[in-house]
Amino acid sequence: HARRATATAHANIALIKYWGKADERLIIPRSSSLSLTLDGLSTTTTVTFGNDACDGADNGVADGADAAAADTDTVAPTSGDTLIIDGRRHEGTALQRVAKFMDLVRRMAGIDTPVRIVSRNTVPYGAGLASSASAFAALAAAGSRAAGLDLSPRGLSRLARRGSGSACRSVFGGLVQWHAGHDDESSYAEPVPCAMDLAIIVIAVSTGQKKLSSRSGMRRTVDTSPLYPAWIDAGERDMREALDAVARQDLEKLGEVSEANALGMHAAMIAARPAVLYWMPQTVAALHAVEAVRTSGLPAWSTMDAGPNVKVLTDAGHAQRVAQALRDRLPGCAVQVHRRGPGVVMENG
Ligand code: DP6
């Protein structure tokens, strides 16, 4: 088989959110979600099978020189796999999670060879914007191809889901729906036709803030938040209304339902015990700025994920004006426009 493959995947931002699992092992969500894959925020990953995988210029890492910077998680590595992200070798929990994912790929392909994984992000890893979605979508694509598997787009989406739920959506470009389903086979993403040229503006409120992972944040919300069932109930109607708004090219309706869905998710998080609180003072300032920009007549609706940054839904035709209006109101915040991005792309076809 191929032994080596390279794939690129882009981050996605959900308009109707995924928050909470029905099955933790298979990563089956409690609700369906809808997202936009973004340009500019990507992960490119090369997977090489075999013990002789440490070969070369394009892998370009001096392991010795890098040792001082190595990930110092206390968990011992469980496999012979090697993981290098942005030139830095990772061990501990990051390697464990990736090795466990590669075990799935190995089982599917009937092989037991260790792998070397070399990954590069266009946004620094750990900055709060590099996402597990682009990482696991790229790893699923490169890993399965290097293992000799030839998965359908749906099969690839299901595999990526096992690494990180939101990764199943990054297999596809543009607007994407993840059908919650009820088992491994029925839980996958697929593209949603959308005639609107949607854009997302990222307001970087804070980078480098050590946050609770979405994995544990969502578990705690499901287990302890009295508001969680209400958010899930509302989510079903939100999804119907969002898809209807997309079909009618009604950006205002899509924006309203997206903003309400995200704020409702955060309300449920904050009601967890103890609270899952990602908000910072500048988060609130940014939410008010988005509302002010909207009141001034521009299309702009906010959404937030498992961190303090605020993202803004608009369309490509208004994005630069909205971004400038936000910069004027939020001095000190980096404001970046992202248009819709492509699905997973393999190097050499
Ligand atoms: C708030 O996909 O990172 O961004 O499945 O545990 O890896 P795991 O979680 P993850 O959660 C993303 C949550 C979110 C909302 C969303 O992207 O839908």
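Applying the condition of being out of contact with any Gly (no Cβ under 8 Å at 6 or more places or on another chain) and small (Gly, Ala, Ser) to segment 314-349 and asking which residue is farthest from Thr6 (Cα to Cα) yields Ala325.
Here Asp238 meets each of (1) free of Cβ contacts under 8 Å to residues at least 12 places away in the same chain; (2) charged (D, E, K, R); (3) over 24 Å from Phe136 (Cβ atoms) with one exception, condition (1).
Within segment 21-51, the set of residues being on the phi > 0 side of the Ramachandran plot and surrounded by 24 or more Cβ atoms within 10 Å (Cβ to Cβ) is empty.
Kindly list the number of the only condition in (1) loosely packed, with under 15 Cβ neighbours inside 10 Å; (2) at pLDDT below 95 that fails for Gln324. Of the numbered conditions (1) loosely packed, with under 15 Cβ neighbours inside 10 Å; (2) at pLDDT below 95, the odd one out for Gln324 is (2).
Under the condition of being within 21 Å of the chain's Cα centre (by Cα) and more than 14 Å from the ligand (Cβ to nearest atom), which residue from segment 247-258 is surrounded by the most Cβ atoms within 10 Å (Cβ to Cβ)?
This residue is Leu254.
The rows are residues; the columns are (1) more than 20 Å from the chain's Cα centre (by Cα); (2) more than 28 Å from Ala137 (Cα to Cα); (3) surrounded by 17 or more Cβ atoms within 10 Å (Cβ to Cβ).
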site	(1), (2), (3)
Ala245	yes, no, yes
His266	no, no, yes
Tyr278	no, no, yes
Pro281	yes, yes, no
Val290	yes, yes, yes
Gly297	yes, yes, no
Val312	no, no, yes
Pro331	yes, yes, no
Gly341	no, no, yes
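Counting just the residues of segment 150-182 that are within 16 Å of the ligand (Cβ to nearest atom) and of a type in the set (D, E, K, R), which one comes out farthest from the chain's Cα centre (by Cα)? Looking at the filtered set, the residue picked out is Arg158.
Say we look at segment 301-316 and pick out the residues that are away from the ligand (no atom under 12 Å from the Cβ) and in contact (Cβ under 8 Å) with a residue 60 or more places away in the chain; which of these is nearest to Ala275 (Cα to Cα)?
Keep residues of segment 301-316 that are away from the ligand (no atom under 12 Å from the Cβ), which gives 301-302, 308, 310, 312-316.
Restricting the remaining residues to those that are in contact (Cβ under 8 Å) with a residue 60 or more places away in the chain gives 308, 310, 312-316.
Working: Pro308: 14, Val310: 19, Val312: 24, Leu313: 27, Thr314: 30, Asp315: 34, Ala316: 36 Å.
If we take residues in segment 301-316 being away from the ligand (no atom under 12 Å from the Cβ) and in contact (Cβ under 8 Å) with a residue 60 or more places away in the chain, then Pro308 is nearest to Ala275 (Cα to Cα).
Let me confirm something: among Ala272, Ala292, which residue is among the aliphatic types (A, V, I, L, M) and assigned to a helix (DSSP H, G or I)? First the steps, then the outcome.
On the way: Ala272 fails: assigned to a helix (DSSP H, G or I).
Checking each option against the conditions leaves just Ala292.
If you check Val284, Val322, Val293, Val344 for being out of contact with any Asp or Glu (no Cβ under 7 Å at 6 or more places or on another chain), within 24 Å of Ala133 (Cα to Cα) and β-branched (Val, Ile, Thr), only one passes: Val344. Taken over segment 192-241, the criterion of being over 20 Å from the mean Cα position of the chain (by Cα), buried (at least 22 other Cβ atoms within 10 Å of the Cβ) and within 22 Å of Arg340 (Cα to Cα) is satisfied by Asp238 alone. Just checking, does segment 16-29 include any residue being among the basic types (Lys, Arg), more than 11 Å from the ligand (Cβ to nearest atom) and in contact with a helix residue (DSSP H, G or I) (Cβ under 8 Å, 6 or more places away or on another chain)? Checked segment 16-29: no residue is among the basic types (Lys, Arg), more than 11 Å from the ligand (Cβ to nearest atom) and in contact with a helix residue (DSSP H, G or I) (Cβ under 8 Å, 6 or more places away or on another chain).
Please enumerate the residues belonging to segment 196-215 that are at pLDDT below 95 and either at positive phi or within 13 Å of the ligand (Cβ to nearest atom) (or both). Within segment 196-215, Gly208, Lys211, Leu212, Ser213, Ser214, Arg215 qualify.
Restricting attention to segment 246-261, does a residue exist that is hydrophobic (A, V, I, L, M, F, W, C) and at pLDDT below 95? Walk me through how you get there before you give the answer.
Kept after step one, since they are hydrophobic (A, V, I, L, M, F, W, C), are these residues of segment 246-261: 246-247, 251, 254, 257, 260.
Then drop every residue that is not at pLDDT below 95, which leaves none.
No, segment 246-261 contains no residue that is hydrophobic (A, V, I, L, M, F, W, C) and at pLDDT below 95.
The values are calculated or read from the model by the stated rules, or taken from the named source; none is laboratory data. It should be emphasised that the depicted structure is a prediction, and the values quoted were computed from it without experimental measurement. Cβ: placed from backbone, ideal geometry, glycine included. Neighbour counts: every protein chain shown.
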